[in-house]
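First the structure, in the form of structure tokens, and then the observations on it.
Only the coordinates and a few stated rules stand behind these numbers; no lab work does. Computed from a predicted model, the values in this text were never measured in an experiment. Neighbour counts run over all protein chains shown; Cβ positions are idealised from the backbone, glycine included.
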Amino acid sequence: MKLLKRVFLLVVFIGLVFCPVAQAETEAESDREDEGQPGEKTVEHVIFISAGGLSEERIKSAYTPSLNGMAAGGLKAAAVGVLPTNQAVLRASLLTGAAPDIHGFNENNRQIKTGLFPETVVRYGRSSVYVCPGESVFRGLFTGGGGVKTYTVKGGGNKDVITRAVSVFQKEKPYFIGIELPGIDSDLEGQGDSKKTAAIVNDIDAQLGRLLANLRSMGEFESSLIIFTGDYGVDAGTEDSLTTKELTVPLVMAGPGLRAGMELPPVKITDIVPTVSLLTGIQVSHECDGNVIWNAIAPGSSFSEQNLMSKRIRDLSDENLEITGMIYRLSEEKRLVKTEKEKVNREKAQIQETIAARDREIKSLKWKNMMLRLVEGVTVLVMGAGYVAEYYYLKKRFLMF
């Protein structure tokens with residue numbers, strides 16, 4: 001009996017000693033496994049690529065494996081542009097995240113009122129460059145005071161611009177690089193040649209593939225946040241005749257922090273900068289009125305799936321409320337304009353009636369004047385005839401004597 005009691009106590013003692021050791025070894029092994037897991041990638045480069053005149057319809061009509069591959073590794077959407085529909089205004093909204101009435105940049109006024117994301121990057125102590133064709137709409141955006149280095153490719157096509165951009169990237173490794181492709185020539189757009197247009201879209205895609213391949217060979221692809229979009233090219237037309245379809249441009253995004261293989265509902269072109277700001281930690285100007293595309297952000301340690309969706313819903317709800325208020329204000333303004341128009345029409349009718357009455361009076365006075373002139377003429381003739389008759393009468397009498 002005493003032997004059994006001693007064995008039992010020995011087993012309990014061994015369990016108390018070795019169980020914590022085993023647990024500690026298990027926890028240490030688990031920590032080592034966690035250390036071996038790759039962490040969330042950080043953004044080391046931001047690349048904005050835009051192609052002139054490139055629409056979603058033109059992409060669908062051509063062979064675009066590079067764009068499709070980029071979308072498969074990231075996400076794609078249609079981005080709603082801004083009014084007025086020209087390249088300069090759209091580019092300013094893309095780089096500021098602000099609507100035209102806020103950034104104030106247009107064809108006539110090339111003075112930007114808000115901060116550009118590339119210039120904000122410079123203020124954070126990082127390099128920022130912009131590569132574009134010789135005839136570019138960036139004129140006036142980068143005046144030299146913001147620290148953004150600009151490179152122009154005079155007379156260059158899509159291939160020449162990408163070649164220069166790759167060279168600049170290899171040499172300077174900038175944090176931000178904007179690449180503006182000439183895209184589809186405005187003269188070609190007017191000709192309606194679908195085969196030539198498709199060939200140019202294929203070339204744009206091939207040049208994008210060259211850029212992505214170079215990023216991979218330099219080991220920079222995985223750490224690069226890449227934004228590819230198009231623009232209106234030539235003016236889309238008058239605002240009154242525009243449709244929602246004509247206001248949209250393609251958008252493909254890929255890089256650290258973004259979901260993969262998703263197609264998002266349409267977003268606004270001004271939503272891109274706030275989203276990039278969240279992923280990079282570079283705070284943009286408070287004048288930026290776009291929203292973060294929360295449903296484009298990959299869930300992680302910072303945000304859960306539910307949290308991301310609730311933020312997106314909240315932003316869209318706030319925006320919907322603002323739009324509803326704007327619609328109400330526009331409706332009220334429309335009602336006031338209609339009332340004012342009716343008032344103006346009544347005043348116009350009164351003025352026209354006054355003018356008509358004046359015209360009738362003038363016409364009546366003309367007739368009276370004409371009649372008076374006629375009477376005056378007849379009177380003169382009668383008096384003249386009387387004088388002649390009297391003369392001959394007196395002459396006859398005088399001759400009789």
Inset, instruction - Tabulate in residue order the Karplus-calculated ³J(HN,Hα) for region 56-65, using 6.51 cos²θ - 1.76 cosθ + 1.60 with θ = phi - 60°, rounded to whole Hz; enter x for Gly and Pro. - result: 5, 5, 5, 5, 5, 8, 10, 9, 10, x
Inset, instruction - May I ask you to list the chymotrypsin sites (Phe, Trp or Tyr not before Pro) in region 89-169 that are in a DSSP loop and have at most 15 other Cβ atoms within 10 Å of their Cβ? - result: Tyr124
Inset, instruction - Using per-residue counts of other Cβ atoms within 10 Å, averaged over each peptide, order 176-185, 88-97 from highest down. - result: 88-97, 176-185
Inset, instruction - Collect residues whose amide H, placed 1.01 Å from N in the peptide plane, falls under 5 Å from the amide H of Leu251; neighbours closer than 5 in sequence don't count. - result: Ala77, Ala79
Inset, instruction - Quote the FRET efficiency, to the nearest 0.05, computed for Glu44 versus Leu321 with a Förster distance R0 of 35 Å and r equal to the Cβ-Cβ distance. - result: 0.40
Inset, instruction - In debye, nearest 20, what is the charge dipole magnitude of region 251-401 about its Cα centre with +1 on Lys and Arg Cβ and -1 on Asp and Glu Cβ, if you could check? - result: 1760 debye
Inset, instruction - Provide the gained length on full extension for the span Asp160 to Ile313, in nm with one decimal, where the gain is 0.36 nm per separating residue minus the Cα-Cα distance. - result: 50.8 nm
Inset, instruction - Starting from the coordinates of the alpha-carbon atoms of region 242-401, obtain the Kirkwood hydrodynamic radius over all distinct pairs and give the value in Å to one decimal. - result: 24.6 Å
Legend entry - Charge dipole (debye, nearest 20) of region 269-335; +1 at Cβ of Lys and Arg, -1 at Cβ of Asp and Glu: 120 debye
Inset, instruction - Taking H placed 1.01 Å from N in the peptide plane, check which residues at least 5 places from Val131 or on another chain put their amide H under 5 Å from its amide H. - result: Tyr151, Gly178, Ile179, Glu180
Inset, instruction - Can you tell me the order of 339-352, 45-58, 255-268, 154-167 when each peptide is scored by its average per-residue count of other Cβ atoms within 10 angstrom, highest first? - result: 45-58, 154-167, 255-268, 339-352
Legend entry - Long-range HN-HN contacts of Leu258 with modeled amide H, under 5 Å: Ala298
Inset, instruction - Which order do the peptides 108-116, 66-74 take when ranked by the mean count of other beta-carbon atoms within 10 Å per residue, highest first? - result: 66-74, 108-116
Inset, instruction - Work out, step by step, the length gained on full extension between Trp367 and Glu220: first 0.36 nm times the residue separation, then minus their alpha carbon distance; give nm to one decimal. - result: 43.5 nm
Legend entry - Simple spin-label estimate for Ser127 and Ser304 in nanometres, 7 Å along Cα-Cβ: 4.3 nm
Legend entry - Extension gain from Thr143 to Leu381, taking 0.36 nm per residue of separation minus the Cα-Cα distance: 76.9 nm
